[in-house]
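Asker: I'd like to ask some things about the structure below.
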2 protein chains.
Amino acid sequence: MKQATETLPTSDAQPVATLAASKLALRRVAIDTYRENVAYLHRDCEIYRAEGFQALSKVEVRANGQHILATLNVVDDVAIVGCHELGLSEDAFLQLAVDEGHVVSVSQAEPPASIGALNRKIAGERLSREDFRSIVHDIAELHYSKIELTAFVVATNRDELDREEVYFLTEAMVASGRTLDWHEPLVVDKHCIGGIPGNRTSMLVVPIVAAHGLLCPKTSSRAITSPAGTADTMEVLANVQLPFEQLADIVREHRACLAWGGTANLSPADDVLISVERPLAIDSPGQMVASILSKKIAAGSTHLVLDIPIGPTAKVRSMPEAQRLRRLFEYVARRIHLSLDVVITDGRQPVGKGIGPMLEARDVMRVLENDPDAPNDLRQKSLRLAGRLIECHPDVRGGDGFAIARDILDSGRALAKMNDIIAAQGAKVFDYNKPPLGRLTFEVCATQAGVVTAIDNLQVARIARLAGAPKVAGAGLDLFHKLGDVVALGDVLYRVHASFQSDLGFARQACDKATGYTLGLAAEVPHVFVEF
Amino acid sequence: MKQATETLPTSDAQPVATLAASKLALRRVAIDTYRENVAYLHRDCEIYRAEGFQALSKVEVRANGQHILATLNVVDDVAIVGCHELGLSEDAFLQLAVDEGHVVSVSQAEPPASIGALNRKIAGERLSREDFRSIVHDIAELHYSKIELTAFVVATNRDELDREEVYFLTEAMVASGRTLDWHEPLVVDKHCIGGIPGNRTSMLVVPIVAAHGLLCPKTSSRAITSPAGTADTMEVLANVQLPFEQLADIVREHRACLAWGGTANLSPADDVLISVERPLAIDSPGQMVASILSKKIAAGSTHLVLDIPIGPTAKVRSMPEAQRLRRLFEYVARRIHLSLDVVITDGRQPVGKGIGPMLEARDVMRVLENDPDAPNDLRQKSLRLAGRLIECHPDVRGGDGFAIARDILDSGRALAKMNDIIAAQGAKVFDYNKPPLGRLTFEVCATQAGVVTAIDNLQVARIARLAGAPKVAGAGLDLFHKLGDVVALGDVLYRVHASFQSDLGFARQACDKATGYTLGLAAEVPHVFVEF
């Protein structure tokens, strides 16, 4: 069988005119559509009338040998886009990388090359290594619409990916971006799966292990759904947005850094997927493993200590679930040649006292300074994680890590290393004894006497975000009581800090609905048995 | 255990100011975001700074006791939206139903009430009747973002819904809108699951069965992914957008109508779901059944003949698949008390000769006029479907329907009934012997001699859409040869009609890639065994 493909133009048809008709002048439309390319065409534009151009259909925009795909919005206002213009949302405009007014051509987009593989996954099939490469490539190149991204995230949710598919996905995500090589046999990192407010152990673990001589080029994300990420908190103390070459110099000199990872183009598909995982609050095991491990491999890590907190309001809520997740991490880590040590920790409540960048930076500095007000839970957890990493060193005996880490911290060597890193990255003025917290405050008090039997990680994080964290560094929550504390009627449970009246109002509304604290009997405090 | 909920304001906090700060002036932003509400806030707007307002997060907009939910886009151009304004996309603006400049308040949206049920479905759980009610209510009220809609569609895809869940979904979709009651015991309808170009049997079945006295108030959709829907084709002959009361009068007088169903608010959740099913090309059995049957129940039908075409490029590609789908339709129909007769038909190729509204209207009128050029496949199929419906009448013996239908058609009574309906709805000038087709044309010719062994329904539909159908009524394809025809080298397979050079160019590009026709040996024509 053979396709009949000859077409005979009749007198009316003029293919040259057809092509000319699809040219438009480029216009930047100053709308931030958050990682979804949107193209704007006026309803009266002749090109728009050509089917299947309809609102939400996909178009391909070409100029100067570049091309991007975009979702179409139809506009009825020439102030936004004229009849002979094509508008692009901010990200899309930057990607196309030509000037306003440049002639662009627009056509109905062919579906992304990997759409067949996506449809097979939606239909429940197992995908090959090649399928994942193709899908992740299209995702990283922003060829997928939000609808297609969501379809991929939901279709690979739960147990829809077997462990080898998770490995394929991880590997494809590494391949979609840059990979760093530090030219050393031992490059260590630590990571937490997240969900516990105040859990700023990286800012203690990194200086401790670097003071022991381990190479720890730590790049972190900013907060996505939490009130502070490590990058947001470190930014209170030092500059975190550095050109990659400068960062590499700092790492070579000081064995470590604590910087934002956003500019390094490591596993870029991950950043795109997060744009739909976040609003859906989907965080399935397979996607979590691929996201975390792909970033680590791309960053050049050889050894990773991974923190999985469990608790009633943590991401992982039971030990069997934690063990299943641990095994999946270990399987994929082995396939991608990453040495992995999983630590299951207490995630029943926030770590430390402060929630929000400045409050958390205060806690970190108190621990480093061996201040008597330092939160002991943050100190102990950081020492244990640092100890595990130190044991990656071939000269350290199993079980000795914790004592070495404690020595480094107690002796002030961790503080000295942190100060070196801060100075190298560009120090900011910050007095941890008088942090310039948000000046608008209110206090949440106990309405009865009792014992603190639960602190809802999700609710206190939400309140801190509404108060302005992490955008407003001085906003957040200062916790006065933790699990098991006995409180009297009227005792302050926590203080909320904000810098804007509107933020304060939103936080107060949330507190009025639920403070996040539960008071009851001592016997009601949930127990958790963790691995340390 | 009791929640500690008291909050004590300290001197800095001023809740009244907080509320005042969230007021903005409403502005209509003339962007059509196709059934997704989008709110536009300027990046320098103080309200925007309040967390968790981020691009793509959901906000609630209130004014005059009304409220809507919208996805947030952040704007950097005061020409689109100013710092003290809130912009709404066209649909969203209409929904809020207040004037431009009106004071609105905006706050971070609580998730839709049904989001817990959605998350349980994503997690693979079975949902209750109440869950489906809640989800479908939120969908119909446009409380879901595109991301949430996609998540629902993918999470209920394939066999994720058991048959009772499909029934719950159908029932919830009926409840989300209006239900018509014709106050007669027998209200008949026919429906095809779609996918076959040119398949305009409704425009023949309706006048035939109405001429026999059956009540057939047919409302149809416009084309969604196809080059012509029944409403688009009927619109060539008559007005199809009529106020509901006028339509009801026509039905009472003539026993039938052929109108667009869009204004009746029947199963509105279905229209919203289509906005994501369409770009994903997802058409899972459960969603298809709920979509079709909910519309029929809402339209007041008591008896339905359902056409399931099978063929290599039809929606259903094998007899076992067709039988599974038939059983699911039958189960749900029984639960919602709809008398259903499923007919499995030949879907190997387009029906009739024309593809596109005007070309299909020509075919329909040729059949009604008993014109010697009438496409026999369209005539035969319509008679068989009409016969099945006529057999719903208690006075007709099983097996007699076809002969009765043929009598009605051959005698001219079907044409007379059609002319009554056309006149009642408002006739348009249309001479089926000289239809004003698109004047730009080209022909696709055989590049070898042989037998037509395949016509790709999807590709010919795509070419017809690119040529301008259904927006341009005179655009489309005129097929000169069908399956099994013997053609010589250079014979015209079909002619493409368009009205715009750009459309013609797009269609030509598609033809150059694949004409949709395959030529080969007579033995290669696929057979199909259907139920008639």
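Bear in mind that the values in this text are calculations on the coordinates, not laboratory data. As the structure is a prediction and not an experimental result, all values here were calculated from the model. Here the Cβ is made from the backbone with ideal geometry for all residues, glycine too, and neighbour counts use every protein chain on show.
Asker: Which of the three applies to the protein assembly as shown, rounded, prolate or oblate, going by the alpha-carbon gyration tensor with a ≥ b ≥ c and a/c under 1.5 meaning rounded?
Answerer: The shape class here is prolate.
Asker: Enter the angle in degrees (range 0 to 90, nearest 10) between the Cα long axis of helix B:413-425 and the first principal axis of the Cα atoms of chain B, meaning the one along which they spread out most.
Answerer: 30 degrees
Asker: Within 10 Å of each residue's Cβ, count the other Cβ atoms and sort B:SER221, A:SER318 from fewest upward.
Answerer: A:SER318, B:SER221
Asker: Could I ask something else about it? Over all residues in A:142-154, what is the mean tally of Cβ atoms on other chains that come within 10 Å of each residue's Cβ?
Answerer: Values: counts 0, 0, 0, 5, 9, 13, 3, 2, 12, 9, 2, 5, 10.
Mean partner shielding for this stretch: 5.
Asker: Compute the relative contact order of the range A:440-524 as a whole-number percentage, counting only Cα pairs closer than 8 Å that sit 6 or more residues apart in sequence.
Answerer: Value for the range A:440-524: 48 percent.
Asker: Kindly rank A:171-184, A:233-246, B:425-438 from highest to lowest mean number of other beta carbons found within 10 Å of each residue. Numbers along the way, then the final one.
Answerer: Values: A:171-184: 17.6, A:233-246: 19.6, B:425-438: 14.9.
Top to bottom by mean Cβ count within 10 Å: A:233-246, A:171-184, B:425-438.
Asker: I need the inter-copy label distances for A:ARG43: point set 7 Å along Cα to C-beta, values in nm with one decimal, smallest first.
Answerer: The projected label point of A:ARG43 is separated from its counterparts by 3.0 nm.
Asker: Let me ask another. In terms of the Cα gyration tensor, with a ≥ b ≥ c the square roots of its eigenvalues, is the range B:21-108 rounded because a/c is under 1.5, prolate because a/b exceeds b/c, or oblate?
Answerer: In terms of gyration-tensor shape, rounded.
Asker: May I pose another question? Distances from A:ALA79 to the same residue in each other copy, label points 7 Å out along Cα→Cβ, in nm, shortest first?
Answerer: Relative to the other copies, A:ALA79 has label-point distances of 1.0 nm.
Asker: Note the full-extension length gain between B:ARG327 and B:HIS84 as 0.36 nm times their separation in residues minus their Cα-Cα distance, in nm to one decimal.
Answerer: 81.8 nm
Asker: Let me ask something additional. For B:LEU519, what residues show an amide H to amide H distance below 5 Å, using hydrogens built from the backbone and excluding near sequence neighbours?
Answerer: Amide H to amide H, under 5 Å and 5 or more residues apart or across chains, B:LEU519 pairs with A:LYS2, A:ALA4, B:THR453.
Asker: What is the distance, in nm, between label points placed 7 Å from the Cα along the Cα-to-Cβ direction at B:ALA123 and at A:LYS428?
Answerer: About 3.8 nm separates the two model spin labels.
Asker: Do you know the relative contact order of chain A, to the nearest whole percent, from alpha carbon pairs under 8 angstrom that are 6+ apart? Don't skip to the answer; put the middle values down first.
Answerer: Details: 1096 pairs, mean separation 73.0, N = 532.
Contact order relative to length: 14 percent.
Asker: May I ask you to compute the full-extension gain from A:SER339 to A:GLU369, defined as 0.36 nm times their residue separation minus their alpha-carbon distance, rounded to one decimal in nm?
Answerer: On the way: separation 30, 0.36 × 30 = 10.80 nm, distance 3.19 nm.
Result: 7.6 nm gained on full extension.
Asker: Here are some pairs, A:LYS190/A:LYS295; A:LYS58/A:LYS146; A:LYS353/A:LYS381; A:LYS58/B:LYS121; which of them have Cα atoms lying more than 18 Å apart in this structure?
Answerer: A:LYS58/B:LYS121
Asker: Moving on. For A:HIS102 and A:ASP407, FRET efficiency with R0 = 56 Å and r from the beta-carbon atoms, rounded to 0.05?
Answerer: Working: r = 62 Å, r/R0 = 1.11.
After rounding to 0.05, the efficiency reads 0.35.
Asker: Please order B:GLU165, A:GLU125 by the number of other Cβ within 10 Å, starting at the fewest.
Answerer: With the sparsest Cβ surroundings first, the list reads A:GLU125, B:GLU165.
Asker: What angle do you read, to the nearest 10 degrees and between 0 and 90, between the alpha-carbon axis of helix A:268-280 and the longest principal axis of chain A?
Answerer: Here the helix axis deviates by roughly 80 degrees.
Asker: Now for a different question. In debye, nearest 20: dipole of the range B:21-108 around its Cα centre with unit charges on the Cβ of K, R (+) and D, E (-)?
Answerer: For this selection, approximately 220 debye.
Asker: For peptide A:445-451, how many partner chain Cβ atoms fall within 10 Å of a residue's Cβ, on average?
Answerer: 3
Asker: Starting from the amide H of A:TYR494, placed 1.01 Å from N in the peptide plane, find each other amide H under 5 Å away whose residue is 5 or more places distant or on another chain.
Answerer: The list, which skips near neighbours in sequence, is A:VAL444, A:PHE480.
Asker: Are there chymotrypsin sites (Phe, Trp or Tyr not before Pro) in the range A:87-162 that DSSP puts in a loop and that have at most 15 other Cβ atoms within 10 Å, and which ones?
Answerer: The qualifying sites: there are none.
Asker: May I pose another question? Can you list residues whose amide H is under 5 Å from A:ALA109's amide H, if they're 5+ apart or on another chain and H is modeled 1.01 Å from N?
Answerer: Residues meeting the criterion, in which the H sits 1.01 Å from N, are A:LYS58, A:VAL59, A:GLU60.
Asker: Could you state the angle between the C-alpha long axis of helix A:146-155 and the longest principal axis of the C-alpha atoms of chain A, as a value from 0 to 90 degrees rounded to the nearest 10?
Answerer: Between the helix axis and the principal axis of chain A, the angle is about 60 degrees.
Asker: Could you give the distance between the Cα centres of the range A:362-418 and the range A:328-358, to the whole Å?
Answerer: Taking the Cα centre of each part, the range A:362-418 and the range A:328-358 sit 17 Å apart.
Asker: Is the range A:411-506 best put as rounded, prolate or oblate by its Cα gyration tensor, with a ≥ b ≥ c the root eigenvalues, rounded for a/c under 1.5, and otherwise prolate when a/b is larger than b/c, oblate when not?
Answerer: Values: a/c = 2.57, a/b = 1.53, b/c = 1.67.
It is oblate, given that a/c is not under 1.5 and a/b is not larger than b/c.
Asker: Quick check: the distance between the Cα centres of the range B:62-118 and the range B:251-316, to the nearest angstrom?
Answerer: 31 Å
Asker: Another question, then. What does the charge count around A:GLN349 come to, taking other residues whose C-beta lies under 13 Å from its C-beta (Lys +1, Arg +1, Asp -1, Glu -1)?
Answerer: 0
Asker: If the label for B:ARG317 sits 7 angstrom from Cα along the Cα-to-Cβ line, what are its distances to the same label in every other copy, in nm to one decimal, shortest first?
Answerer: In ascending order, 4.0 nm.
Asker: What's the average, rounded to a whole number, of partner chain beta-carbon atoms within 10 Å of each residue's beta-carbon in A:276-283?
Answerer: The mean count of partner-chain Cβ atoms within 10 Å per residue comes to 5.
Asker: In addition: For B:ILE80, what charge total do you get from the other residues with a beta carbon under 10 Å from its beta carbon, if Lys and Arg give +1 and Asp and Glu give -1?
Answerer: Computed value for this residue: -3.
Asker: A further question on this structure: Give the distance, in whole Å, between the Cα centre of the range A:142-170 and the Cα centre of the range A:429-470.
Answerer: After rounding, the separation between the Cα centres reads 36 Å.
Asker: What's the ranking of B:513-521, A:191-199 by average number of surrounding C-beta atoms within 10 Å, highest first?
Answerer: Final packing ranking: A:191-199, B:513-521.
Asker: Here's another thing I want to ask about it. Counting other Cβ atoms within 10 Å, which trypsin sites (Lys or Arg not before Pro) in the range A:367-420 have at most 12 and lie in a DSSP loop?
Answerer: A:ARG397
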